[in-house]
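The values are calculated or read from the model by the stated rules, or taken from the named source; none is laboratory data. Only a predicted model underlies this, so the values are computations on that prediction, with no experimental measurement involved. Ideal geometry is used to build each Cβ from the backbone, glycine not excepted, and the neighbour counts take in all protein chains shown.
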Amino acid sequence: MLKNHKKSSIIKECLLLLHILQERRRYEIVKQHNIFKIDGRFYYGWVMLFCGFMSMFICYVIKVNCTSLFYSPVCEEFGVSRTAFTQVNTAMTATMMIGSAFIGKIYKKYPMKWVLTGCVSLAAVCYVLMSFSTAMWQLWILGAIQGIGWAGATNLPVTIMVSNWFGPKIKGTAMSIGMLGSGAGALVWIKLINSVISDYGWRSGYLAMAVCLAIMIPISIFLVVSMPTDKGFETRVGDPTPEEMEKAHMVSAQKSGITGQQALKTSRWWLQWLAGMTTMIGAAAFSAQFVDYYTGVTGSSDQATTIYSAALGTLILGKFLLGVFSDVLHVRRTSVIAPLFYTGVFACMALSSQNMMFATVLIPLYMIGGAVPSVIPFLVTSYNFGDKEYGVMSGWMNIAGNVGQIVGPTIAAIVFDVTGTYVLAWIIFAVLMGVVAVLYLASGLASKKQIADMGYIPVK
């Protein structure tokens, strides 16, 4: 029996060695070329990164950043409180939360181009119908329907694209390039939509956003490809070297990691999930109430929109820097430091009610702090648990963000309705961002042995 066991062990070791040698030959190809080519061919992953950039440029900005432009005109026409209008976002986010639990599996099972096209189309149709609304309950219903589309049409596509097409050595940088589309989009769409609302009314604003979303549809249909193998690529740019794979006992970089069910059994998962949720509590309130707050402080919606666009515009550089920092300094360190910048942002917002100088100070702080919600949770997920079921876990992380999107604007709206100002809300959110840093620190220290016993050792 002992001899048979030894023979079995030797056979297993030989098979593992064979796999490693095979992977060594495959990954040597990557080392022989620059990051734009594999085996002499232009790497299609960069086209996919462009598609991810465009999804953030159009879809994310329209959904997340342009919502605040509708608070005052819609509330005035229907004679409702800000809290009542916030419920449109609540209904939308609630269905996004439900959709996020399944959308990762749907993206894994069906061609990405058709899933993305369907989600974007649904969101666009809902905006068209919203423009004809005559009562708040209609906006609530349409918002709830629209949330199903938004579950698969905001930041999730770019995270899946990056995970499918880029290895861990360049994943942070690639993710940041895709995500910085939201900063570029903010410079374009916020001013445009605000001008449409000012000149033609909020109904035309909803129609304009539907037209903007329609731009994404041909990009999805004609350019999006699910996996590198669909284009004949057996390796990804940025995958570990054969030596690193051998050290970590990896058979395939693209399949390394643990399952979503295994991740749920670790404290590391729940700490990072809470961190992602808490981050979005503040971030969602920032996006939803920023223009309304500074319109009250400055007395000018145009000036408030200018400050808002300037802050969001810094994300063009901020998300890129955050991704590079994650690759160079390590994502565990970056995840702890970056949220503290958001603490400074909210502190400046609270102080702006006394001195508008702080509105200028918050802009450079937002460059890093504002990049946290859309970059850090997904990089941390990839590093902590690998790529084996990354799409599924990204969907679950989106649920954390969806909870935050419900809670944050609601808190801010209630604080305003009770106190007549958002200042107390900004102070609360400043404290919460400090909590986020602590949660990411704890997450990085938790469950190391448990995850290793599951067969996954993060490679950086």
(request) Determine if the stretch 364-376 includes at least one residue that is under 19 Å from L264 (Cβ atoms), touching a Gly at 6+ places or on another chain (Cβ under 8 Å) and either surrounded by fewer than 22 Cβ atoms within 10 Å (Cβ to Cβ) or modelled with pLDDT of 90 or more (or both). (result) no
(request) Only one of these is touching a residue at least 40 places away in the same chain (Cβ under 8 Å), part of a helix (DSSP H, G or I) and of a type outside the set (S, T, Y): A153, A210. Name it. (result) A210
(request) Look through Y456, Y440 and report the one residue that is buried (at least 24 other Cβ atoms within 10 Å of the Cβ) and of a type in the set (F, W, Y). (result) Y440
(request) Go through V251, V225 for me and flag whichever is outside any helix (DSSP H, G or I) and either within 22 Å of the chain's Cα centre (by Cα) or at pLDDT 90 or above (or both). (result) V225
(request) Give me a count of the residues in the stretch 323-380 that are small (G, A, S) and not in a helix (DSSP H, G or I). (result) 4
(request) Starting from residues that are more than 21 Å from the chain's Cα centre (by Cα) and surrounded by 24 or more Cβ atoms within 10 Å (Cβ to Cβ), keep the ones in the stretch 259-293 and report whichever is modelled with the highest pLDDT. (result) Y293
(message) Under 8 Å between Cβ atoms, which residue pairs at least 6 apart in sequence (or on different chains) link something in the stretch 410-435 that is closer than 22 Å to V88 by Cβ with a partner that is polar (S, T, N, Q) and surrounded by fewer than 16 Cβ atoms within 10 Å (Cβ to Cβ)?
(response) A413/S81; V415/T421; D417/S81
(request) Go through the stretch 66-110 and give me each residue that's of a type in the set (K, R), surrounded by fewer than 17 Cβ atoms within 10 Å (Cβ to Cβ) and touching a residue at least 40 places away in the same chain (Cβ under 8 Å). (result) K105
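Here's the yes/no breakdown for (1) modelled with pLDDT of 90 or more; (2) in contact with a Phe, Trp or Tyr (Cβ under 6 Å, 6 or more places away or on another chain):
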{"position": "C126", "(1), (2)": "yes, no"}
{"position": "S133", "(1), (2)": "yes, no"}
{"position": "W137", "(1), (2)": "yes, no"}
{"position": "I141", "(1), (2)": "yes, no"}
{"position": "A144", "(1), (2)": "yes, no"}
{"position": "P157", "(1), (2)": "no, no"}
{"position": "I160", "(1), (2)": "no, yes"}
{"position": "S163", "(1), (2)": "no, yes"}
{"position": "S176", "(1), (2)": "no, yes"}
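Table: residues versus (1) assigned to a helix (DSSP H, G or I); (2) within 27 Å of the chain's Cα centre (by Cα); (3) within 29 Å of G276 (Cα to Cα).
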position	(1), (2), (3)
S68	yes, yes, yes
C75	yes, no, no
T93	yes, yes, yes
A101	yes, yes, yes
A123	yes, yes, yes
F132	no, no, no
